[in-house]
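*Asks:* The structure is given below, and queries will be raised subsequently.
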Amino acid sequence: MAWGIARLPVFLITVLAAAVLGIAPAAAAPPPSTTCSVFPSNNIWNTDISKLPVHARSTQWLASMAASTTKLHPDFGGPPYGFPYNVVGNAHPTVTVSFQYASESDPGPYPVGADTLIENGSDRHALIVNRDTCTLYELYDLSGSGTSWTAGSGAIFPLGSNALRPLGWTSADAAGLPLFPGLVRWDEVQAGAITHAIRFTAQQTDRSFLWPARHQAGAAANPALPPMGARFRLRATYDISHFSAQAQVILLAMQHYGLLLADNGSNWFFSGTEDAAWPDSLLTELKNVPAGQFDAVDESGLMVDPNSAAARSCGVAAASSSTLRSWWRISPVRCSDRRPATLGPIWPAVASATLAPRRLATWWLR
């Protein structure tokens, strides 16, 4: 039966129009009460990976995460589940934070105080957006009061920049990446589009990392385990039509922007905000998606510079050259679903002075 355009949900009309007209993707939606883009539109977090080839180690990585017998788990919801985040202005007081892993932390100061919402559980992440400067502050294991604050690690990200952290540095997350850009937010679902990758965890990871990750927290040097920074895409052949419109927003994002491996934790737990508005029915729906419907993709051909999160648009990567490349470079791959012959991690294991922050998944509470 033919479907008239008037019967399609608004968010599907938007997606179809973009596909037909070749509209360039926009930056991820600004956090509510701000006008801050969450990184530039050409940032790897905001890059459509639906046409990238399947990674050569996809089958092994899926097996290591028990994909054939596991379903997705939304690691968020109403309090106490998920990541709360804070929006402040320049008027908010700032403090100096003492770090356990000071050598890989940005010194600050940080806009934290008694009003700062902190993640429940042992990891105690704090995510703060300054709406006036469009700066993201992230802290791991934050505690304190008054002017005396301590944390395991801290990272500061200008939201208008594609700069990555120094090579080998952690952040408030094990992969050395920001957390906030990878969270599923209720305001995005309500608006009908998520245009960024989604953060998720795996129980065991390799002692290496792929661009754009900067840090590893691997259980073993084992290429059959996924490295930090690995990206996974929900297959286009997976039928999402029987899901609710809200669930389809999230699943479409998984088909076009994928899941980005950023920390150790329970397999296939993906991250979102702590928000009382999350419907239990939506979370229950998402728990029915088989992890076996995902593939790892090879996004190495999108890299412009190893120290930048800027990404080429799929299909415009420079042609491979016979000239000997620097140690970090890999010949770009075509934007297709063909499996490349053999590609390993861009980044080998890099020694780090720190033990990586680890998110301890409280799966038994839900």
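The values are calculated or read from the model by the stated rules, or taken from the named source; none is laboratory data. The structure displayed is predicted, hence computed values, not measured ones. Because the Cβ atoms are built from the backbone with ideal geometry, glycine has one as well, and the counts that use them run over all protein chains shown. In case anyone asks, the SASA skips ligands and DNA or RNA and just uses the protein heavy atoms, side chains included. Shrake-Rupley method; radii C 1.70, N 1.55, O 1.52, S 1.80 Å.
*Asks:* Across segment 251-277, what is the total count of residues that are assigned to a loop (DSSP other than H, G, I, E, B), open to solvent by less than 10 Å² (accessible area, probe 1.4 Å) and under 14 Å from PRO74 (Cα atoms)?
*Replies:* The total comes to 1.
*Asks:* Considering only segment 131-147, state which residues are in contact (Cβ under 8 Å) with a residue 60 or more places away in the chain and part of a loop (DSSP other than H, G, I, E, B).
*Replies:* Those that are in contact (Cβ under 8 Å) with a residue 60 or more places away in the chain and part of a loop (DSSP other than H, G, I, E, B): ARG131, CYS134, ASP141.
*Asks:* Assess whether ALA114 counts as being small (Gly, Ala, Ser) and in a loop (DSSP other than H, G, I, E, B).
*Replies:* yes
*Asks:* Sticking with this one: Just to be sure I understand, how many residues within segment 149-164 are assigned to a loop (DSSP other than H, G, I, E, B), open to solvent by 10 Å² or more (accessible area, probe 1.4 Å) and not hydroxyl-bearing (Ser, Thr, Tyr)?
*Replies:* So the answer is 3.
*Asks:* Further question on the same structure: Among the residues of segment 223-235, write down those that are out of contact with any helix residue (DSSP H, G or I) (no Cβ under 6 Å at 6 or more places or on another chain) and open to solvent by 10 Å² or more (accessible area, probe 1.4 Å).
*Replies:* PRO223, ARG233, listed by residue number.
*Asks:* Output yes when any residue across segment 186-195 is within 15 Å of the chain's Cα centre (by Cα) and under 22 Å from SER105 (Cβ atoms), and no when none is.
*Replies:* Scanning segment 186-195 turns up no residue that is within 15 Å of the chain's Cα centre (by Cα) and under 22 Å from SER105 (Cβ atoms).
*Asks:* Just to be sure I understand the filter: pairs with C-beta atoms under 7 Å, separated by 6 or more residues or on different chains, first member in segment 188-204 and over 18 Å from PHE83 (Cβ atoms) and in contact (Cβ under 8 Å) with a residue 12 or more places away in the chain, second member open to solvent by 40 Å² or more (accessible area, probe 1.4 Å) and among the β-branched types (Val, Ile, Thr). Which pairs pass?
*Replies:* GLY192/VAL10; GLY192/THR14; ALA193/THR14
*Asks:* Here is a further query. Kindly indicate whether any position in segment 258-274 is within 18 Å of GLY176 (Cα to Cα), among the acidic types (Asp, Glu) and modelled with pLDDT of 95 or more.
*Replies:* Looking through segment 258-274, at least one residue is within 18 Å of GLY176 (Cα to Cα), among the acidic types (Asp, Glu) and modelled with pLDDT of 95 or more.
*Asks:* Further, regarding this structure: Answer yes if at least one residue in segment 97-117 is touching a helix residue (DSSP H, G or I) at 6+ places or on another chain (Cβ under 7 Å), exposed (fewer than 14 other Cβ atoms within 10 Å of the Cβ) and modelled with pLDDT of 95 or more, and no otherwise.
*Replies:* From segment 97-117, those touching a helix residue (DSSP H, G or I) at 6+ places or on another chain (Cβ under 7 Å) are none; that's our starting set.
Scanning segment 97-117, I find no residue that is touching a helix residue (DSSP H, G or I) at 6+ places or on another chain (Cβ under 7 Å), exposed (fewer than 14 other Cβ atoms within 10 Å of the Cβ) and modelled with pLDDT of 95 or more, so the answer is no.
*Asks:* Tell me which residues, restricted to segment 286-295, are part of a helix (DSSP H, G or I) and out of contact with any Ser or Thr (no Cβ under 6 Å at 6 or more places or on another chain).
*Replies:* Scanning segment 286-295 gives LEU286, GLN293.
*Asks:* Based on what the data block shows, is ILE128 in a strand (DSSP E or B) and either among the hydroxyl-bearing types (Ser, Thr, Tyr) or open to solvent by 10 Å² or more (accessible area, probe 1.4 Å) (or both)?
*Replies:* Judged against the criteria, ILE128 is not a match.
*Asks:* Among the residues of segment 242-256, is any within 16 Å of MET65 (Cα to Cα) and in contact (Cβ under 8 Å) with a residue 12 or more places away in the chain?
*Replies:* Initial filter on segment 242-256 (within 16 Å of MET65 (Cα to Cα)): none.
There is no residue in segment 242-256 that is within 16 Å of MET65 (Cα to Cα) and in contact (Cβ under 8 Å) with a residue 12 or more places away in the chain.
*Asks:* Does segment 31-66 hold any residues that are touching a Ser or Thr at 6+ places or on another chain (Cβ under 6 Å) and open to solvent by 10 Å² or more (accessible area, probe 1.4 Å), and which are they?
*Replies:* Result: ALA56, single match.
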